Each structure stands twice: as structure tokens, then as C-alpha cells.
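*Asks:* Got a structure for you, questions after.
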Amino acid sequence: MIKHLRSAADLDADTATLILDTAAEMAALSGREVKKLPALRGRTVVNLFYEDSTRTRISFEAAAKRLSADVINFSAKGSSVSKGESLKDTALTLQAMGADAVVIRHSASGAPHRLANWVEGSVVNAGDGTHEHPTQALLDAYTMRSRLGRLDGLKVAIVGDVLHSRVARSNILLLSTLGARVTVVGPPTLIPLDLTDKAQVSYDLDAVLPDSDVVMMLRVQTERMQDSYFPSAREYSRRYGLDVPRLRKLPEHAIVMHPGPMNRGMEIAPEVADSPRSTIVEQVANGVSVRMAVLYLLLGGK
Ligand code: NCD
């Protein structure tokens, strides 16, 4: 088993499949009245969040607690970080407290890689800048597999602000490792130039929809935009928003995903987000099982 999960590129097909299979076993647990397993009793998991988060932070906390680990939640607000303490000094403090795993979200791409040099425990990337978010990709893959029965050969469209999306980057890596075929769709200004050979590119959403098994909508990340990347929100949503007429262009079996938080009415219409084809709430539930599997396997669970 790998020690750290810094990037979806840390995962080969066997390791990723083992995580998804283990997550399925963890999911069986959440239907029980007592949801706890003793697997990580006596181990300490630190959640180190330098950036805002709702789903991911709560999900990691729930996952660690269901495995009976001791959980320390650290958010940069209200800590010595606001006094200017460096990531390295914070890491050494965590080290002194004996953290077995550190889950980190940081606005700087590469922060988890640096952290892994300074602590002895496992490091899990919970989102670093515009770089990666590997557990989101795992929970997305889990959701696709459980809804559609397979990943190999699946046609996945990832739509919108790909440029700023760590979710897209990790999904492209993981999905191609697992044999799915990814097409990224968005305005040319929001599609990165360094996509390599792992994904196809299209600027025409209407053309891609009829041939997709999965359509994953991305949030337009205005907080990461210094320039204007498209004329207006209305124009964006006219060309790249998933509304009801566009939903009808998808094959019958296709699912609609979004990592959240959503800009309802911009990249996704409320009726689409709340439709039976949408897996948005399911993705959140699956996130807990997948993060349980990740913590369990990284920390040497049997
Ligand atoms: C994403 C993130 O923070 O990277 N959300 C999440 O983790 N569920 C996507 C986003 O912020 O748009």
C-alpha cells in the first residue's frame, strides 16, 4: 500500500480498485445502527484546513470517527497561522503530537508534497490550490461504478471551469488509469493547454452530451479568477450550463454529477441538480465511505 495520497497519480489501477472495493465494504456499515469500526482505535488523524470547506472537512471527520480514530480539527482561522506561523512550523507541532495521518487542504498547489517531507505520518491531499483533489476523484469514480456498474470504457464529460479545477485534474488522472474516456468541455479560456493525452477537448457541450454516460459539471471558481474569462454569467450559462433541454440530450442511463458547492442557475439549473439523474447527494454520502477506505488502507488496516 502507498503511504501518502498526494495526487491521483499516486494510484495505479490495482490500488485504486482496492480502495473502491474497500469503500463498498465500508458503505455496507453505514446502513447499520452502530456505524463504528474499531480499526483505527488509538490512532490520531489531524484535519489541517487552510481553505474553506464544508463537505470535505465534515466527510474526513466522519470517516476518521467511524474508524474510531482520535480526530483533531485544525482550521487556519483562529490558529497561530493567522499570526504568520509557517506550514513547516505547524507541521512540526503536529509531528510532536504524534499525528498518524494529516489531511490537508491548502490554497498552495504542492503543499501536501512539502508536508510529506516534514511529518512521519501519512499525508492525504484534501485539495491543494488548483492542483489536485484525489479523494474527490475516488468518490466520483465510486459513484460512477455503483450507478453504472463499471468504469472501463465509460464516456465521461467534465464540463466548465476546468482550468481552476483540482477536481477535474484528479478525475482525469484517475479515470484514465481506470480505463474511462474523458472529454473536457468548456470555453477555450477555461480549458488548460497542458491537458496531455489523457483527455479529449471540446468547446461544444450540445455535441458531446448525446454520447456521454456521465456528465460532471464543475463550479465556476470566480474566487480564483483575476481576469474575466467569459463575457457574462448569463452568456456562460447559455453555452455551458446544464439546463432541462440539455438534460434531455443525454442517453437514458446517463448520470449528472457535481462536486459541490453549486452555483445553481449558472453551471447547473436547479431542476437538473434535483432531478433523479443527479448523483450530487449520493456523491457526498459515498465520500465518507471512500475516505474511510483511504484512511484505513494508508494507516495499515487489515
Ligand atoms: C471542490 C473543491 O473544493 O475543490 N469541492 C469539494 O471538495 N467538494 C470543488 C469546488 O470548490 O468547486
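*Asks:* Would you check if residue 68 is open to solvent by less than 60 Å² (accessible area, probe 1.4 Å), touching a residue at least 40 places away in the same chain (Cβ under 8 Å) and under 22 Å from residue 139 (Cβ atoms)?
*Replies:* Details: open to solvent by less than 60 Å² (accessible area, probe 1.4 Å): yes; touching a residue at least 40 places away in the same chain (Cβ under 8 Å): no; under 22 Å from residue 139 (Cβ atoms): yes.
It is false that residue 68 is open to solvent by less than 60 Å² (accessible area, probe 1.4 Å), touching a residue at least 40 places away in the same chain (Cβ under 8 Å) and under 22 Å from residue 139 (Cβ atoms).
*Asks:* Is it the case, given these coordinates, that residue 265 is in contact (Cβ under 8 Å) with a residue 12 or more places away in the chain and either within 12 Å of the ligand (Cβ to nearest atom) or aromatic (Phe, Trp, Tyr) (or both)?
*Replies:* Details: in contact (Cβ under 8 Å) with a residue 12 or more places away in the chain: yes; either within 12 Å of the ligand (Cβ to nearest atom) or aromatic (Phe, Trp, Tyr) (or both): no.
Considered against the rule, which asks whether it is in contact (Cβ under 8 Å) with a residue 12 or more places away in the chain and either within 12 Å of the ligand (Cβ to nearest atom) or aromatic (Phe, Trp, Tyr) (or both), residue 265 comes out as no.
*Asks:* For the range 167-185, enumerate the residues that are open to solvent by 20 Å² or more (accessible area, probe 1.4 Å) and either within 15 Å of the ligand (Cβ to nearest atom) or touching a helix residue (DSSP H, G or I) at 6+ places or on another chain (Cβ under 7 Å) (or both).
*Replies:* Just the residues of the range 167-185 that are open to solvent by 20 Å² or more (accessible area, probe 1.4 Å), to begin with: 169, 173, 176-179, 181, 183.
Hits for the range 167-185 are 169, 173, 177, 178, 183.
*Asks:* Give me the pairs: first residue in the range 200-227 and at negative phi and of a type outside the set (D, E, K, R), second residue away from the ligand (no atom under 16 Å from the Cβ) and in a loop (DSSP other than H, G, I, E, B), beta-carbon distance under 6 Å, and six or more apart or on different chains, which are they?
*Replies:* Close Cβ pairs (under 6 Å, with a partner that is away from the ligand (no atom under 16 Å from the Cβ) and in a loop (DSSP other than H, G, I, E, B)) amount to 201/191; 209/249; 209/250; 210/249; 212/254.
*Asks:* Where in the range 58-177 are there helices (runs of 4 or more DSSP H), lying fully within it, with 1 or more residues that are hydrophobic (A, V, I, L, M, F, W, C), under 29 Å from residue 267 (Cα atoms) and within 13 Å of the chain's Cα centre (by Cα)?
*Replies:* Per the criteria, 134-148, 166-177.
*Asks:* Here's another thing I want to ask about it. Examine the range 103-126 for a residue that is closer than 28 Å to residue 221 by Cα, crowded, with 18+ Cβ neighbours inside 10 Å and of a type in the set (D, E, K, R), and state whether such a residue exists.
*Replies:* There is at least one residue in the range 103-126 that is closer than 28 Å to residue 221 by Cα, crowded, with 18+ Cβ neighbours inside 10 Å and of a type in the set (D, E, K, R).
*Asks:* Find the residue count for the range 36-57, including only residues that are away from the ligand (no atom under 16 Å from the Cβ), assigned to a loop (DSSP other than H, G, I, E, B) and either touching a residue at least 40 places away in the same chain (Cβ under 8 Å) or open to solvent by less than 80 Å² (accessible area, probe 1.4 Å) (or both).
*Replies:* Counting residues in the range 36-57 that are away from the ligand (no atom under 16 Å from the Cβ), assigned to a loop (DSSP other than H, G, I, E, B) and either touching a residue at least 40 places away in the same chain (Cβ under 8 Å) or open to solvent by less than 80 Å² (accessible area, probe 1.4 Å) (or both) gives 6.
*Asks:* Quick check, is residue 155 more than 30 Å from residue 89 (Cα to Cα), open to solvent by 10 Å² or more (accessible area, probe 1.4 Å) and modelled with pLDDT under 95?
*Replies:* Spelling it out, it is not the case that residue 155 is more than 30 Å from residue 89 (Cα to Cα), open to solvent by 10 Å² or more (accessible area, probe 1.4 Å) and modelled with pLDDT under 95.
*Asks:* Output the residue which, of all residues in the range 231-245 that are within 20 Å of residue 162 (Cα to Cα) and surrounded by fewer than 18 Cβ atoms within 10 Å (Cβ to Cβ), is nearest to the ligand (Cβ to nearest atom).
*Replies:* Per the criteria, the residue is 233.
The values are calculated or read from the model by the stated rules, or taken from the named source; none is laboratory data. These numbers were taken from a predicted model, which means no experiment stands behind them. Virtual Cβ from ideal backbone geometry, glycine too; neighbours counted across all protein chains shown. The protein model used for the area step is the full one, side chains on, heavy atoms only, and it has no ligands, DNA or RNA in it. Shrake-Rupley method; radii C 1.70, N 1.55, O 1.52, S 1.80 Å.
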